[in-house]
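Q: First the structure, then my questions, so here it is.
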Amino acid sequence: MKLILGLGNVGPQYAKTRHNAGFMVADELAEMLGGSWKNEAKLKAEVVITDHEGQKIILAKPQTMMNLSGEAAQRIMQFYKVSPADVWVVFDDVDTPFGRLRVRRGGSGSGHQGVNSLIHHIGLDFVRFKFGISLNDRAVEPSEVYVLKPFNADEQAKLPATIAATARHISDQIGQELIDESTFDV
């Protein structure tokens, strides 16, 4: 069994922002795997339950807002009895260029408050799929402002293919032994 969390913020004002890349990939995965979202208020998340290559897959989008994602993750894990080692999380990463996906198990939150919330609630031993949203000039604009903006025009043109390639990469990894750390062009 795998729990795949897509991180993002709830509400139409955030839907197309960089910080919602995790939600975008989760939506693509749900479509690829033939599932539809159900709001599970007790879990503080939207959830899809499906099977892929003989393995039960729980897709989830926490509805707690990004910085409290760990609350929903903890509830989902307890309800479905998922260990942290079987949790995969996809989220935006300002330290990875657009069009790249970094995969690693464990590590710090690197300033990402959604990931810090996960670490606080479920520990370090989960797999991170870091979706590159491009570096910003932090001297001009703080990251917490930058991530709440939409992708630029060039990125928006490439976004559907990048989201689809990321979702395909994640689904292809189900049932595979993940390398501790790797980077892919998507």
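Q: Quick check: residue separation of Met1 and Glu31 times 0.36 nm, minus the Cα distance between them. What number comes out in nm?
A: 8.9 nm
Q: Along the Cα→Cβ direction, 7 angstrom out, place labels at Lys42 and Val140. What is the inter-label distance in nm?
A: 5.0 nm
Q: Another question, if that's okay. If R₀ is 30 angstrom, what is the calculated FRET efficiency for the pair Thr50 and His169, using the beta carbon separation as r and rounding to 0.05?
A: FRET efficiency, Thr50 to His169: 0.95.
Q: Residues of the range 120-137 with backbone nitrogen within less than 19 Å of a virtual label 7 Å along the Cα-to-Cβ line of Lys158, please, listed as ranges.
A: Of the residues in the range 120-137, 130-137 have backbone N under 19 Å from the label point off Lys158.
Q: Let me know the longest stretch in the chain that avoids all trypsin sites (Lys or Arg not before Pro) found in a DSSP loop with at most 14 other C-beta atoms within 10 Å.
A: 17-80
Q: Is the shape of the range 15-54 rounded, prolate or oblate, going by the alpha carbon gyration tensor and its root eigenvalues a ≥ b ≥ c, with a/c under 1.5 for rounded and a/b larger than b/c for prolate?
A: Judged from the Cα gyration tensor, the range 15-54 comes out oblate (a/c at least 1.5, b/c at or above a/b).
Q: Quote the FRET efficiency, to the nearest 0.05, computed for Glu181 versus Asn67 with a Förster distance R0 of 45 Å and r equal to the Cβ-Cβ distance.
A: It comes to 0.95.
Q: Of all chymotrypsin sites (Phe, Trp or Tyr not before Pro) in the range 1-88, which ones are in loop regions per DSSP and have a Cβ with at most 15 other Cβ atoms within 10 Å?
A: Sparse-neighbourhood loop chymotrypsin sites (Phe, Trp or Tyr not before Pro): Trp37.
Q: Ordering Ser36, Ser171, Ser83 from largest to smallest accessible area (1.4 angstrom probe), what's the sequence?
A: Ranking Ser36, Ser171, Ser83 by accessible area, largest first, yields Ser36, Ser83, Ser171.
Q: Please report how many Lys pairs in the range 52-186 have alpha carbons closer than 21 angstrom, counting only residues at least 8 apart along the chain or sitting on separate chains.
A: Number of lysine pairs found: 7.
Q: Then there is this: By how many degrees, between 0 and 90 and to the nearest 10, does the Cα long axis of helix 153-173 differ from the longest principal axis of the chain?
A: 30 degrees
Q: Normalised by the number of residues in the chain, what is the relative contact order in percent for Cα pairs under 8 Å and 6+ residues apart?
A: Dividing the mean separation by the residue count of the chain yields 27 percent.
Q: Would you calculate the separation in nanometres between label points at Leu148 and Lys16, each defined as 7 Å from the Cα along the Cα-to-beta-carbon direction?
A: 1.8 nm
Q: Given axes a ≥ b ≥ c from the Cα gyration tensor, I'd like to know whether the chain is rounded (a/c under 1.5), prolate (a/b larger than b/c) or oblate.
A: Rounded shape, in that the Cα axes give a/c under 1.5.
Q: Based on the alpha-carbon gyration tensor of the range 1-84 and its eigenvalue square roots a ≥ b ≥ c, which shape applies: rounded if a/c is under 1.5, prolate if not and a/b is larger than b/c, or oblate?
A: The shape class here is oblate.
Q: Per DSSP H run of n ≥ 4, the term is -39500 (n - 2.57); total these for the chain, divide by its residue number, and report the mean residue ellipticity at 222 nm rounded to 500 deg cm²/dmol.
A: The per-residue figure over the chain is -10000 deg cm²/dmol.
The values are calculated or read from the model by the stated rules, or taken from the named source; none is laboratory data. Note that this is a predicted model, so its numbers are computed, not measured. Ideal geometry is used to build each Cβ from the backbone, glycine not excepted, and the neighbour counts take in all protein chains shown. What goes into the accessible areas is simple: the full protein's heavy atoms, side chains included, and nothing from ligands, DNA or RNA. Shrake-Rupley method; radii C 1.70, N 1.55, O 1.52, S 1.80 Å.
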